[in-house]
Amino acid sequence: MEYIMTLLLNFMIAVTSTVNSSSTLWQTINLAWEHSEEVKSAVLNYEKSKLEVDEYWGTFAPKITGYWNYQRNPEVKVTFSPHIPQELQALLGNSYKPESVVVRPSENYEMGLKLMQKIFDPSMIPGLKITNLYREMAELGLQKTKEMVAYLTTNLYLQLLFLTKQKDVLLKEDSELEIEKKKTEDEISLGLQPEWSKLRIDIEIQRHKKSLMEVETMIRYVSSELERLTGRKIFPAEPPVPSSLNKSAFSTDESVDLKITSLQKELSHQMWKVQVGRLFPRINFMWNYSYQKNPGNFGKKENWMVMLQLTWTIFSGLSRYYEIRESSIDEEIAGLDLTKRKKEAEIKLKRAIDEFFQQKKLLEVSRRTFDLARKNFSLVEENYKNGKADVITYIDARNNLLKAKLSLIWNRYQLLLKRMNVYILSGKLEQFMEEIRQ
């Protein structure tokens, strides 16, 4: 019985550990990608674009059509009245009668095959390039969507982690202040501390309780948002400490936004080619085979035909000229937009790199501030225990240490988020994912 209870207890501990196991940042981002409706929609759009490429390739294949016609003629009576001059009809009198013939029912049918193959169409090659460009744009759209989801997930993940640590720190502070309150009460009873010392500690305890309630509210909100993104409750783990950046390793050459804009410019150019191609003739090869059965007239008959068909729209108004001009203007607009976005992307990347190094300096300041606050608190705590410092000085030193500690944690997480932003703007999200996975 004791053995069974031990196994049951171990099983319950294992289940609890599994349910409440922490998720790394890499795991959380991948969960968000799997659960996000935006990513799923982008994946389907990409799959659809690949099918459209295959579908367009099908236009180069020959088109084969089979047909079958059937006709049934019922039995009819046909009367022939040949034209006879009136003088002859007067001589014949009543003996003249029109001649009648009965036509029996008949069945006629025809069946055959038609084959048509495009030989020359100037607009087909640009059309194929256009479908491939749409496929590439859909692939980049998927990558852009994953970048947005990853950044939002990382932001929420780090917020939740910071709030969880803030809650733990406040609970610890609250517990230590309760102990200090008990000691102060004992010292007041012995006449070693003034009455207001306990009141000052009570005020600080109530302030911490209020902060704790606010933090717990924020934890519930951020946790629910992260659960909505990932489809499960997340218990964040400590992320890796971000290393420094090599500025020369980052550029806008792989930027997803710039790639999409560049493809849009190329798309406008191919649209112009399609419009120009419609000015030239098109050549088709055609083959037709038919088998007919018509017992009334022909009996059985087989026909086949081979033909080269040239189609050339010589004049159709001025619409084609305007379409070509519109496509040319669209290409110029796309080129200007690409130039503008290149400048904006370079400015954004430079700003993101500067913000990273600025945040790194801020982190160093926070670390030094924390070290100073910790040393100051040690001195004040020792003086407070020896009666050389009052409770107000002691509480202020504790608060300064608490703020310095939380500031250090927050700035470290912000450094990781700003590092991620640099990777996204330079189109290197996969490299960032590999770093946090290791």
For 219, 283, 234, 201, order by how many other beta-carbon atoms lie within 10 Å, fewest first: 283, 219, 201, 234
Residue order, fewest to most beta carbons within 10 Å, for 282, 419, 72, 325: 72, 325, 282, 419
Table column - 3J(HN,Hα) (Hz), region 304-312, Karplus curve with 6.51, -1.76, 1.60, x for Gly and Pro: 8, 8, 10, 8, 9, 10, 10, 10, 9
Where only C-alpha atoms are counted, convex hull volume of region 292-438 per residue in Å³: 363 Å³
Linear extension gain, residue 382 paired with residue 50, 0.36 nm per residue minus alpha-carbon span: 112.3 nm
Using alpha-carbon coordinates, inclination of helix 391-425 to the longest axis of the chain, degrees: 20 degrees
Relative contact order %, the chain, counting alpha carbon pairs below 8 Å whose residues are six or more apart: 22 percent
CD proxy at 222 nm, helix term only [per DSSP H run n ≥ 4: -39500 (n - 2.57); per residue of the chain; nearest 500]: -24000 deg cm²/dmol
Å³ per residue enclosed by the Cα convex hull of region 303-361: 170 Å³
Residue among 40, 114, 144 with the largest mean-square fluctuation in a Gaussian network model of the chain, springs linking Cα atoms under 10 Å: 114
Value in Å of the Kirkwood radius, where the chain supplies the Cα pairs that are averaged: 31.3 Å
Magnitude of the charge dipole, the chain, Cβ model with Lys/Arg +1 and Asp/Glu -1, debye to 20: 840 debye
Crossing angle, helix 319-385 versus the chain [Cα axis fit, 0-90 degrees, rounded to tens]: 20 degrees
Along principal axes, Cα extents of region 156-257, largest first, whole Å: 74, 36, 19
Virtual spin-label span in nm between residue 279 and residue 235, 7 Å along Cα→Cβ: 7.1 nm
Placed amide H near residue 23: partners under 5 Å, 5+ positions off or other chain: 235, 237
Packing-based exposure ordering (other Cβ within 10 Å, fewest first) of 403, 259: 403, 259
Nearest-ten-degree value, helix 2-19 long axis tilted from longest Cα axis of the chain: 70 degrees
Within a Gaussian network of the chain (alpha carbon springs, distance under 10 Å), most fluctuating of 388, 209, 273: 388
Selected from 148, 307, 124 as most flexible by GNM, with the chain as the system and alpha-carbon contacts under 10 Å: 307
Label-point gap, in nm, between residue 118 and residue 367 - each point 7 angstrom along Cα→Cβ: 6.4 nm
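Laboratory data are not the source of any read-out in this text; all were calculated from the coordinates shown. Everything numeric in this text was worked out from a predicted model, so none of it was measured. Virtual Cβ from ideal backbone geometry, glycine too; neighbours counted across all protein chains shown.
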